[in-house]
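The block underneath contains the structure these notes are about, expressed in structure tokens.
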Amino acid sequence: MPETPYYDIVIIGAGIQGSGVAQAAAASGYKTLVIEKLPQAGLCTSSKSSKLIHGGLRYLESGQFKLVRECLQERKILLKNAPQLVKLIPFYIPVYSHSIRPAWLIWIGLLIYSLFSLKTFSIVKKKDQHYLDGLKLKNIKTIFKYYDAQTDDKRLTQAVITSAKNMGADVLYDTDFIKSYAEESIHNVSYKSNRQYHNIKCRCLINCTGPWVDSTQDKISPPLKLPDTELVAGTHIIINRPIKQGAYYIEAADKRAVFVMPWKDSQTLIGTTERTHTDDADNLMPTENEVFYLLETYNHYFNEKLTLNDITQSFSGLRVLPVSNTASFNKSRESLIIHNSKTPALITLVGGKLTAYRASSEEVILKIKKLLGDSKNKKHYDTKNIKL
């Protein structure tokens, strides 16, 4: 009988969180395996974000200062390590006489943001406002300009998993996780690949399956109790019309923030919406109401009207957020790292922001080191300095 393959760490899911943990684990010298059900990394939620690497200016409003500061630090690292994937672009915030948030409040928010990021902001001069992609200027009071970063989320995720592979991690695509059970601090993992069933052993099992986290957890024994979470769907549309001056941070009728951003091939990306999703995570499509919401929000702010015929693509992604009485807009975007000392080396990482994937992954590795000790591999790397 051939010997059962043995790993230090097995990660289920190759979205940005799973890919990030794989990179951090491989960088720390652990023998690592990633199991992914799809043929590539980053094809689900991690390819359906707003494509932003940012601190999240709007999160200051709900008091998430630690998150904003951390994300701006991570933005700086990604600008250094992945300049071909993450780029600073100008963002404009128009303030009108009817705007819900007054200019002074936005000014304070931008001041805090600039102190965290060490990037200045400014006010667009009146003589330059007419160049802003047909933005409506009637009743305009002021227009702020600051900088944030944009990325291709799928390409970024795939660059991270490639980095993990280059440091020795194994990745299995088109592979279904079947089940696992722990026995004397060792996880026995079963998976299906190429119509065949396989078994492996590992010292630590990590669930990074995002919206599928609960259904994955149901296959793991002993069980790890997860906090109450909910799925929040966000829809974006892509229109076949370019904007040239940068991105626009506008206020929808329901007070939510909506971004209008330049996108590849001279297109424009508009999003996002927020609605609770109670159906199966695999059953998600943009709704007609969401599409019209985004069209109407754009048309409220720009002179050149959009219609359904201008839309070339629409897509929806799911965020996993903690259950609370606050609106989705104000819920915490912090990563949740769940571990129970009674459960041998079983960790679940869920939620969080695309921007902070590396920081979340390093937190997971700190827990792993407490559980497993340092790896015996002498080659260790600092993910802060790994080029993508």
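Summary table below
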quantity: Tabulated pairs, segment 241-265, first at pLDDT below 95, second of a type in the set (Phe, Trp, Tyr) and buried (at least 18 other Cβ atoms within 10 Å of the Cβ), C-beta under 7 angstrom, 6+ apart or interchain; calculated: 257/249
quantity: Qualifying position, being among the hydrophobic types (A, V, I, L, M, F, W, C) and crowded, with 24+ Cβ neighbours inside 10 Å, among 82, 22; calculated: 22
quantity: Pair list, Cβ < 7 Å and 6+ apart or interchain, from segment 70-85 residues that are outside any helix (DSSP H, G or I) to residues that are buried (at least 20 other Cβ atoms within 10 Å of the Cβ) and modelled with pLDDT of 95 or more; calculated: 82/156; 82/159; 85/151; 85/156; 85/159
quantity: Answer residue from segment 333-369, given it is aliphatic (A, V, I, L, M) and over 18 Å from residue 212 (Cα atoms) and is modelled with the lowest pLDDT among those; calculated: 345
quantity: Tally of residues being outside any loop (DSSP other than H, G, I, E, B) and either in contact with a His (Cβ under 8 Å, 6 or more places away or on another chain) or surrounded by 19 or more Cβ atoms within 10 Å (Cβ to Cβ) (or both) across segment 132-144; calculated: 3
quantity: Single unsatisfied condition, residue 282 versus (1) over 26 Å from residue 100 (Cβ atoms); (2) charged (D, E, K, R); (3) assigned to a strand (DSSP E or B); calculated: (3)
quantity: Residue within segment 173-180 that is among the acidic types (Asp, Glu), outside the structural domain of residue 23 (by TED's automatic domain parsing) and assigned to a loop (DSSP other than H, G, I, E, B) present; calculated: no
quantity: Test for residue 56: is it within 24 Å of residue 245 (Cα to Cα), in contact (Cβ under 8 Å) with a residue 12 or more places away in the chain and either assigned by TED's automatic domain parsing to the domain that holds residue 210 or under 17 Å from the mean Cα position of the chain (by Cα) (or both); calculated: yes
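The values are calculated or read from the model by the stated rules, or taken from the named source; none is laboratory data. Note that the structure is predicted; figures quoted are calculated from it, not measured. Cβ sites come from the backbone with ideal geometry, for glycine too, and all protein chains shown count toward neighbours.
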